[in-house]
Each structure stands twice: as structure tokens, then as C-alpha cells.
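The values are calculated or read from the model by the stated rules, or taken from the named source; none is laboratory data. It should be emphasised that the depicted structure is a prediction, and the values quoted were computed from it without experimental measurement. As a convention, Cβ positions derive from the backbone with ideal geometry for all residues, glycine included, and neighbour counts pool all protein chains shown. For the accessible areas, the whole protein counts, side chains as well, though only heavy atoms, and no ligand, DNA or RNA atoms are used. Shrake-Rupley method; radii C 1.70, N 1.55, O 1.52, S 1.80 Å.
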Amino acid sequence: MAAPPDVELSASLSLELLPTDPLLLILSFLDYRDLVSCCYLNRRLNQLSSHDPLWKRHCKKYWLISDEEKSRRNQGWRAIFISTYSDLGRYIHYYATLKKAWDDLEQYLGQWCPRMIASLKESVREEDLDAVEAQIHCKLPDDYRCSFRIHNGQKLVVPGLMGSMALSNHYRSEDLLDIDTAAGGFQQRLGLKGCLPLTFCIHTGLSQYMALESVEGRSKYEIFYQCPDQMARNCAIVMFITGTSYLEWFTSYVNKVVTGGYPIIRDQIFRYVHDKDCVATTEDITVSVSTSFLPELSSVLPPHYFFTYRIRIEMSKDALPENACQLESRYWRITNAKGDVEEVQGPGVVGEFPVISPGKVYEYTSCTTFSTTSGYMEGYYTFHCLYKDRFFNVTIPRFHMVCPVFKVSMA
């Protein structure tokens with residue numbers, strides 16, 4: 001039932017008569033869309049919703065605008081929000097997350113990998129992204145477009161932004177492709193139909209792809225390494241899945257980098273994953289392990305899953321000098337997912353017999369393969385004391401290696 005006219009008039013008058021501060025406080029809790037809607041309700045709300053400090057929170061939340069940048073622009077908060085929205089509005093749900101990831105990554109690289117900063121490219125324009133869509137006849141996801149509005153990938157250089165991996169006779173370093181190079185590698189052939197390369201390694205030719213269409217058994221925007229089926233007689237490929245969307249793929253990688261989850265070795269990001277529980281201490285010596293799966297050296301048919309592991313051996317700096325010792329031999333017990341066990345014993349590690357003394361660290365890299373998608377290793381090193389006639393075993397903690405989720409395309 002409609003309210004009497006005098007009640008409507010009273011309600012209208014009460015809004016006009018309410019003091020400004022309580023109304024501004026209420027408006028400060030509104031999202032930017034509701035704040036814009038208030039502009040169209042009546043003259044009083046229009047005036048209040050234009051109050052510049054109300055827009056500070058939205059500028060910081062959605063566009064990461066700092067007070068310093070505001071001063072540099074010499075604009076009010078509302079004007080900054082509106083001008084930024086007119087340029088990046090379609091990315092409002094992605095921009096802050098991706099901008100923070102890029103900012104964190106640049107700050108980290110500036111400290112640990114400064115030469116990599118120079119390889120990053122400036123942002124691209126909306127019309128450049130539109131032109132690529134017209135060229136490949138596919139829509140690019142907004143999170144991908146948003147990232148390239150911040151940085152247009154990197155130059156084809158070494159080391160690559162997306163991580164490296166090195167063994168005695170194998171090296172991989174992945175660049176994040178710029179938009180034009182990615183578009184040039186867009187695939188429409190069977191097995192990779194509608195797939196856009198995101199990364200590229202100039203040494204191995206390896207790429208990570210993003211599916212722009214839900215075809216051939218892929219989910220839209222899924223990210224994967226391709227692994228050609230060595231026994232296939234058609235165009236089907238095996239896909240090792242590395243992400244479900246560009247946002248998830250990129251931000252999870254950056255988070256791993258900036259939190260120290262990947263080691264920096266020779267000014268490069270190495271994609272070894274360390275399990276914090278995979279540490280064992282025997283007397284004064286601590287052994288820790290990190291591992292990585294190499295898709296470019298793996299296959300599903302025949303089953304051959306290739307892993308590399310990095311071992312760190314460290315003697316406590318508080319150990320007595322007379323506790324210095326030398327590694328004599330190693331023993332491994334290797335178990336695959338079927339429970340099959342292989343035992344390996346031999347002198348030294350990778351042909352070396354390192355000496356460990358207080359505060360010293362020795363690291364080395366080796367590899368193994370499994371015929372199953374997972375397995376684990378454990379064992380011990382035998383050391384002898386340099387100043388005593390004594391041998392002792394140092395535990396190598398059990399560490400697991402698991403192949404990423406994979407599936408076969410339906411080409």
C-alpha cells in the first residue's frame with residue numbers, strides 16, 4: 001500500500017536535513033558501482049557521492065594508486081578513478097591482483113636478478129590486443145589482456161622470466177612471450193587447435209600453451225606443456241596441465257618466486273620445489289631436498305617420467321672444527337608407485353667427494369626416472385671424519401616426486 005503523501009514528503013525532507021558527516025560515513029561503505037548510482041537519485045546524494053575522499057579507497061583497492069602517485073598526477077581521487085576506469089574498466093576484477101604481482105616481481109628481480117628487469121617490455125594498448133584477436137580469430141581472456149596492459153612479456157633473452165632448469169647436458173629457460181610473438185605462434189593444427197603459446201625456450205623449443213577454445217578435450221583457458229605421444233600415429237598429444245587460467249598460473253608462479261620458493265642460482269630463477277618437511281639432521285649435518293618435473297624429457301607412452309632433484313648438505317656453523325668430514329659414498333632406496341624398489345650404492349656424489357666443515361654448504365643436482373607417475377627416494381651418505389678414525393651415516397630424508405596432472409587431446 002502506498003504511503004500517504006505527507007509521509008513521502010517527510011522522508012524526502014529528512015534526507016535533506018540529515019547532517020553531512022553521517023551520510024558520508026554511510027557512503028564510504030558503498031562499492032564504486034553503488035556510489036555511482038547514488039549520483040542519479042537526487043541532488044543531495046549527487047553532491048555527496050562526488051565528495052573526493054570517498055574515491056580514495058576505490059582508487060587504492062582497484063587501481064593501486066598511492067598518495068605519491070596522486071600528487072604526481074595532480075588530480076583528485078574521483079578524477080583519477082574515472083580516467084583509469086575509462087582505460088582499464090573491463091579489467092577491474094583482475095587489475096589490482098595482476099599489478100601487485102608484477103610490482104612484487106619487479107621489486108624481487110631488482111634485488112636478486114637485476115639484469116632480467118631490462119628484458120621486460122612496456123605495456124601494450126587496447127587496440128593492439130584487439131588487432132591480435134582479429135588476426136587469430138579468437139578472443140583473448142581478460143586476465144591475459146590485463147597482464148599485457150601492464151607488461152608486454154619480455155624480449156627473447158636468457159635467462160627467461162618464467163624460470164630455468166639445468167642438468168649436465170640439458171638446459172631450459174622460458175621467456176614470457178610478448179603479444180606479437182605469441183600471436184605468430186598461435187596454433188590451429190590438429191592436436192593444438194586454438195592454442196596460444198605463453199612461453200618459449202630457445203634451447204629446447206618448449207612452450208606452455210593456453211587453450212582459447214574448449215576443443216580436442218581441453219578446457220577453455222587451460223594452460224599446459226605439450227608432450228608428443230611417442231607411440232601415437234595420429235595428431236593426439238599429451239598435455240601436462242600447469243594452470244586453469246592465466247591469472248592463477250601467473251600469480252601462483254610469482255608468489256612462489258617472491259616468497260623464496262624457487263632458488264636463485266647464477267642470477268636465474270630455478271624452478272625447484274622444496275618441501276619444508278623434507279629436511280633431516282644427523283649430528284651437525286643437515287640435508288634438504290628440492291625437486292622438479294621435466295615435461296620435455298618425459299613421455300606417457302611409453303611411460304617415462306623424468307625428475308631432477310637438488311640436494312643441499314650443510315654443517316652447522318656452531319659445530320666444532322674437528323668435526324669436519326668428507327663424503328665417502330651414497331646409498332639410495334628408490335620406490336615407484338607400484339611399490340617396486342631399486343637400491344643404488346656407489347662412491348661420492350656426481351663424481352665428487354665434498355669436504356664439509358662448520359658453516360659450509362655443498363649443493364649438487366642429479367636426476368631419476370620412473371615408469372609410474374610418482375615415486376620417492378630416501379637413503380644416506382657415509383662420511384668419514386678428517387681428524388678422527390670414524391665413519392658415520394647421514395640421513396637423506398624421503399622426498400616424493402609426482403608428475404603433474406595430464407590428459408590426452410582428442411584430436
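Show which aspartates and glutamates lie in cross-link reach of LYS56 when reach means a straight Cα distance below 19 angstrom and same-chain residues fewer than eight apart are skipped.
Cross-link targets: ASP21, ASP31, ASP34, ASP67, GLU68, GLU69, ASP87.
Take VAL273 and ASN169, extend 7 Å from each Cα along the Cα→Cβ direction, and tell me the distance between the two endpoints in nm.
With each label placed 7 Å out from Cα toward Cβ, I get 2.8 nm.
Run the accessible area of the chain with a 1.4 Å probe and give the carbon-and-sulfur part as a rounded percent. Don't skip to the end; give the middle numbers.
On the way: 10670 of 20410 Å².
Result for the chain: 52 percent of the exposed heavy-atom area is carbon or sulfur.
If I ignore ligands, DNA and RNA and count only protein heavy atoms, how much of VAL273 is accessible to a 1.4 Å probe, in Å² to the nearest 10?
60
Find the centroid of the Cα atoms in the range 303-343 and in the range 268-282, then give the distance between the two in whole Å.
Cα centroid of the range 303-343 versus Cα centroid of the range 268-282: 12 Å apart.
Using 10 Å bins from zero, what percent of all Cα-Cα pairs in the range 21-173 falls into each bin?
Computed distribution, short to long bins: 9, 29, 29, 19, 10, 4, 1, 0.
Just going by the charge dipole of the chain, with Lys and Arg at +1 and Asp and Glu at -1 on Cβ, which of TYR85, MET315, LEU23 is farthest out on the positive end?
Going by the Cα projections, it comes out as TYR85.
Going by alpha carbons, how many degrees (0 to 90, nearest 10) lie between the helix axis of 126-136 and the longest principal axis of the chain?
The answer is roughly 60 degrees.
By how many nm would the segment from ALA337 to TRP112 lengthen if fully extended, with 0.36 nm per residue of separation less the alpha-carbon distance?
Working: separation 225, 0.36 × 225 = 81.00 nm, distance 3.80 nm.
Full extension from ALA337 to TRP112 adds 77.2 nm.
Using Cα atoms only, what is the angle between the long axis of helix 77-88 and the major principal axis of the chain, expressed in degrees (0 to 90) to the nearest 10?
Helix 77-88 sits at roughly 60 degrees to that axis.
Would you mind counting up the charge near SER119? Only other residues with Cβ under 10 Å from its Cβ, with Lys and Arg at +1 and Asp and Glu at -1.
Numbers: positive: ARG115, LYS121, LYS155; negative: ASP175.
For residues surrounding SER119, the net value is +2.
Of all the stretches in the chain, which is the longest one without any exposed loop site, taking chymotrypsin sites (Phe, Trp or Tyr not before Pro) in a DSSP loop (any state but H, G, I, E, B) with at most 12 other Cβ atoms within 10 Å? Intermediate results must be reported in sequence, preceding the final value.
Values: sites that count: PHE29, TYR40, TYR387.
Formally, the longest exposed-site-free interval is 41-386.
To the nearest 500 deg cm²/dmol, what mean residue ellipticity at 222 nm is calculated for the chain from DSSP H runs of n ≥ 4 alone, each contributing -39,500 (n - 2.57), summed and divided by the residues? Provide the component values of the computation, followed by the final result.
Working: 13 runs with 123 residues, N = 411.
Value at 222 nm, helices only, nearest 500: -8500 deg cm²/dmol.
How far, in nm, would the chain grow between SER371 and ARG390 when pulled straight, counting 0.36 nm per residue and subtracting the alpha carbon separation?
Gain in length upon complete extension: 2.9 nm.
What does the extension gain come out to for SER71 and ASP130, with contour length at 0.36 nm per residue minus their alpha carbon separation? Could the numbers behind the result be given before it?
Working: separation 59, 0.36 × 59 = 21.24 nm, distance 3.26 nm.
In short, 18.0 nm is gained.
Compute the signed sum of charges (Lys and Arg +1, Asp and Glu -1) over the other residues within less than 13 Å, Cβ to Cβ, of HIS58. Please list the in-between numbers first.
Details: positive: ARG33, LYS56, ARG57, LYS60, LYS61, LYS70, ARG78; negative: ASP31, ASP34, ASP52.
Here the charged neighbours net out to +4.
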